[in-house]
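Here is the structure we will look at, set down as structure tokens.
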Amino acid sequence: MRILVTGGAGYIGSHTAKALVQAGHEPVVFDNLSEGHRGSVKWGPLVEGDLSDGALLRHVVATYGIKAVIHFAAHAYVAESMHRPREYFRNNVTNTLCLLDALLEAGVCRIVFSSSCATYGIPSNVPITEIHPQNPINPYGESKRVVERFLYWYGRAYGLDWMALRYFNAAGADPDGEIGEDHHPETHLIPTAIHAALGKRPFVAVYGTACPEPHGTAIRVSL
């Protein structure tokens, strides 16, 4: 099966492309390379383009005979979304609608959506379950929640089969060492904790900024 992997040049997308090949499928990566890396596309072809380009999307779906989509492409920095909500809603929401329309026009009715734990907001109870209320507290989480609602209604109206994956802290590298995390700047908790332990950064700021005082709590990490 040929599967379109949007954002397939990024961290999770590139690992997914390799896993698809190992499972006997053919990934077709669609990425504008604004955050992803050309060198991470090692399994299947790369189509360089933006999700706002509906004509290109329709061309790719038809040319490659796409049967399903795994949708990773999105802006994904929580703090940044607080200052640039227009960009986040345009890229994460409006462009996803463009993708969905292209898929429906081509008769492609299967999609896995890369959502986020940010849709839950501040948890009312722990551990968080899938049925926990979704009350995002930032534009990034809101953009993901909105798309989940679109998918629900597209499923009801157009027969779209969909699934949303709400990650917490995805981390690690390919077991073969071919690909791994490559974010600049690195903002994710697990790699920043490892960097602090290795002495590559002085501390990990929790609920704060890069300055330990007085904005948040600085945690020193050692191996």
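The values are calculated or read from the model by the stated rules, or taken from the named source; none is laboratory data. Not measured: the values here are computed from a predicted model. Note that we place each Cβ from the backbone using ideal geometry, even for glycine, and neighbour counts take in every protein chain shown.
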Do we find a residue being in contact with a helix residue (DSSP H, G or I) (Cβ under 7 Å, 6 or more places away or on another chain), assigned by TED's automatic domain parsing to the domain that holds Ile12, of a type in the set (A, V, I, L, M) and outside any loop (DSSP other than H, G, I, E, B) anywhere in segment 150-157?
-> no
Any residue at all in segment 123-130 that is out of contact with any helix residue (DSSP H, G or I) (no Cβ under 9 Å at 6 or more places or on another chain), β-branched (Val, Ile, Thr) and either in a loop (DSSP other than H, G, I, E, B) or more than 26 Å from Asn95 (Cα to Cα) (or both)?
-> yes
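To keep it simple, each residue is scored yes or no on (1) under 23 Å from Leu57 (Cα atoms); (2) modelled with pLDDT under 95; (3) surrounded by fewer than 18 Cβ atoms within 10 Å (Cβ to Cβ).
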residue	(1), (2), (3)
Asp101	yes, no, yes
Ala106	yes, no, yes
Ile111	yes, no, no
Asn125	no, yes, yes
Arg145	no, no, no
Arg156	no, no, yes
Ala171	no, yes, yes
His183	no, yes, yes
Is there a residue being within 24 Å of Ile3 (Cα to Cα) and touching a residue at least 24 places away in the same chain (Cβ under 8 Å) anywhere in segment 123-134?
-> no
The listed residue being acidic (Asp, Glu), under 22 Å from Phe30 (Cα atoms) and out of contact with any His (no Cβ under 6 Å at 6 or more places or on another chain), out of Glu130, Glu186, Glu105, Glu142 = Glu105
Sort through Pro127, Pro136 and tell me the only one that's touching an Asp or Glu at 6+ places or on another chain (Cβ under 7 Å) and in the same structural domain as Glu87 (by TED's automatic domain parsing).
-> Pro136
Residue check, Ala62 more than 16 Å from the chain's Cα centre (by Cα) and crowded, with 22+ Cβ neighbours inside 10 Å = no
Taking Pro136, is it assigned to a loop (DSSP other than H, G, I, E, B), touching a helix residue (DSSP H, G or I) at 6+ places or on another chain (Cβ under 8 Å), modelled with pLDDT of 85 or more and of a type outside the set (Ser, Thr, Tyr)?
-> yes
What pairs come up if the first residue lies in segment 88-109 and is in the same structural domain as Gly159 (by TED's automatic domain parsing), the second is loosely packed, with under 15 Cβ neighbours inside 10 Å and assigned to a helix (DSSP H, G or I), and their beta carbons are under 6 Å apart, counting only those six or more places apart or on different chains?
-> Leu104/Tyr158
